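What follows is a single structure, written as structure tokens, with notes after it.
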Ligand SMILES: N[C@@H](CCC(=O)N[C@@H](CS)C(=O)NCC(=O)O)C(=O)O
């Protein structure tokens, strides 16, 4: 690997810029304002994640992998839980409440289903991966329907996010491949609640972008409130 850390100290993320699973970790590191170093992995066309040196870190041959003072942890969802438990003293992102943790974990598992559908379709369209594209898009639409319906139901009871009226790691886990769905030929036209949720994300302090997930297009008024093209205010 190009830049393996030569010290055990510090926080490192084995990363690929176009990966939504890596991006969800980069995003959370930014929200938590944690100093870290990115170690770029040549996912494509190099397939560095399938080479011996990387397989020693994650035998599944998948990115992202986090290294924290020598503690190695693969899997984006596991990493979100770990970072929240270790570094979020406010407990805002992963509250210490059994029911809430159960709910959040439900969405963390669902995020892997989004990876298996929306992300798979994107890998097919963007990088030419061979897979059943119709099946990936169909499953992607099923996942988006479920997520959009859930956001609509939550809105009725005053919640703007998947679990609470503030974002948790459940939202971070699901966000990237929903926001990138159209890169896999999965239109977001039928999912207005998901589109609003994406816009809400883009207004969070310390939000960062990735290729395919641009900043919110809108205008701020004198009070710093956002307006979109329909003139709706997102405060
Ligand atoms: N459950 C894992 C899935 C990670 C994953 O699928 N990563 C992709 C890149 S975004 C990968 O490494 N794919 C290679 C493979 O599955 O062989 C996570 O959430 O981190």
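The values are calculated or read from the model by the stated rules, or taken from the named source; none is laboratory data. What you see is a predicted model, and the numbers here were worked out from it, not measured in a lab. Methodologically, a virtual Cβ is constructed for each residue, glycine included, from the backbone with ideal geometry; neighbour enumeration extends over all protein chains shown.
Restricting segment 124-154 to residues that are surrounded by 20 or more Cβ atoms within 10 Å (Cβ to Cβ) and farther than 14 Å from residue 179 by Cβ, which is nearest to the ligand (Cβ to nearest atom)?
The extreme case among them is 136.
Looking at segment 62-91 only, could you name the residues that are outside any helix (DSSP H, G or I), within 13 Å of the ligand (Cβ to nearest atom) and in contact (Cβ under 8 Å) with a residue 12 or more places away in the chain?
Correct list: 62, 63, 64, 65, 66, 74, 75.
Which number in (1) assigned to a loop (DSSP other than H, G, I, E, B); (2) within 16 Å of the ligand (Cβ to nearest atom); (3) surrounded by 14 or more Cβ atoms within 10 Å (Cβ to Cβ) marks the one condition that residue 28 misses?
The number of the failed condition is (1).
Test residue 23 against the stated conditions and say whether it is touching a helix residue (DSSP H, G or I) at 6+ places or on another chain (Cβ under 7 Å), within 12 Å of the ligand (Cβ to nearest atom) and on the phi < 0 side of the Ramachandran plot.
On the way: touching a helix residue (DSSP H, G or I) at 6+ places or on another chain (Cβ under 7 Å): yes; within 12 Å of the ligand (Cβ to nearest atom): yes; on the phi < 0 side of the Ramachandran plot: yes.
The answer is yes for residue 23.
Any idea which of 103, 166, 137 is outside any helix (DSSP H, G or I) and outside the structural domain of residue 44 (by TED's automatic domain parsing)?
Exactly one residue qualifies, and that residue is 166.
Among the residues of segment 37-61, count how many are part of a loop (DSSP other than H, G, I, E, B) and buried (at least 18 other Cβ atoms within 10 Å of the Cβ). Write out each step before concluding.
Taking segment 37-61 as the starting set, the residues that turn out to be part of a loop (DSSP other than H, G, I, E, B) are 41-47, 51, 56-61.
Adding the requirement that they be buried (at least 18 other Cβ atoms within 10 Å of the Cβ) leaves 41, 43, 57.
Here the count works out to 3.
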